[in-house]
Amino acid sequence: MVIFIVLGRYICIRCFYKALIPEDVGSLSAGIKIWSGIVMVVNDSKEEKNETDRQFDRECALFLAAVGSESFRAPYEDACRNIREKLEQINDELSRRMGRKFIKSVDSRVKSPQSCLDKMVDKKYEITKQAARERLNDIAGVRAVCFFLDDVYKLADILLGTPEYEFVKLKDYVKKPKASGYQSLHLILKVPSYQSAGREPDYVKAEIQIRTQAMDFWSDIEHHFVYKEVNDNDLSEVEEEFLKCAKSVRKIDKQMLKIRKKILRAKRAQA
Ligand code: 0O2
């Protein structure tokens, strides 16, 4: 479009100067005609763009209503509840066996409609509830925070061995942290939702993030200040600092594990 405008202006100016020469007076009106033609093309394409924007806005509004509806959200609420109950059972059982608390805390949420929409737009997915159901792994999200590094893997193994759940994907950002320094183990599972009694359960995807306290501390702060921050400022220096902290978190987690093992050995020696 910019090329059209520049070309149009050039033709008009040329025609105008040519019109100053008595034998070429027709050029001025030709120039004006060309210019008006270009203005019309530009206006038409603006109209088209506005129509595309309006269509997109309509799709988004429909999507937000669908994804915000009770019928869409209920199976995900159910899946979160199901996982929380399972984690509670695991925690009771393992804490008793280990003689220490196994899971420190559990949080869950169903992703907000706006957050679903932002992710769909970001990932250039089709803006429909069907696509959201199929492509978003974390509409139901549960976070389990453990005390020690090896607990993270122990918990993941137990969940993977739960017959009720269907395995979808495992993302190990503990072994291979993200470029930001983010560490966490993500387990994506299909979890049953018993919405209507007597019927076969519906399965929906849920993401379980398992991490240590130290990883959680880092992730919470980074999420707040960098990850979701739309910021025009250059954050590279801050990101560099976060990366350094992530390395420290890694070290601390390893040290804590060593300390726990040392204490255990000492206790056994005393017994
Ligand atoms: P929110 O608001 O926290 O929910 P996928 O479709 O699963 O292949 P996805 O979902 O982009 O791809 O997977 P990814 O990169 O594994 O991220 C899933 C979630 O992990 C994110 O969800 C964040 O919660 C968290 N996460 C990922 N990278 C980072 C990071 O660099 N820093 C922090 N603090 N958290 C991170 P959402 O939906 O992006 O955000």
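Please list, in chain and number order, the residues 5+ apart from Lys104 or on another chain whose amide H is under 5 Å from its amide H, with Hs placed from the backbone.
Under 5 Å from the amide H of Lys104: Val145, Cys146, Phe147.
Excluding residues fewer than 8 places away in the same chain, name every one of the lysines whose C-alpha is closer than 23 Å to that of Lys261.
Those lysines meeting the cut-off are Lys101, Lys104, Lys154, Lys175, Lys247, Lys251.
Test of understanding: what is the full-extension gain from Leu243 to Asp118, defined as 0.36 nm times their sequence separation minus their Cα-Cα distance?
Result for the pair: 42.4 nm of gain on full extension.
Would you mind checking which residues have amide H under 5 Å from Ser184's amide H? H placed 1.01 Å from N; only 5 or more apart, or other chain.
Amide H neighbours of Ser184, under 5 Å, 5+ apart: Tyr173, Val174.
No lab work stands behind these numbers, since they all come straight from the coordinates. Here the structure is a predicted model, which is why all the values come from computation and not from measurement.
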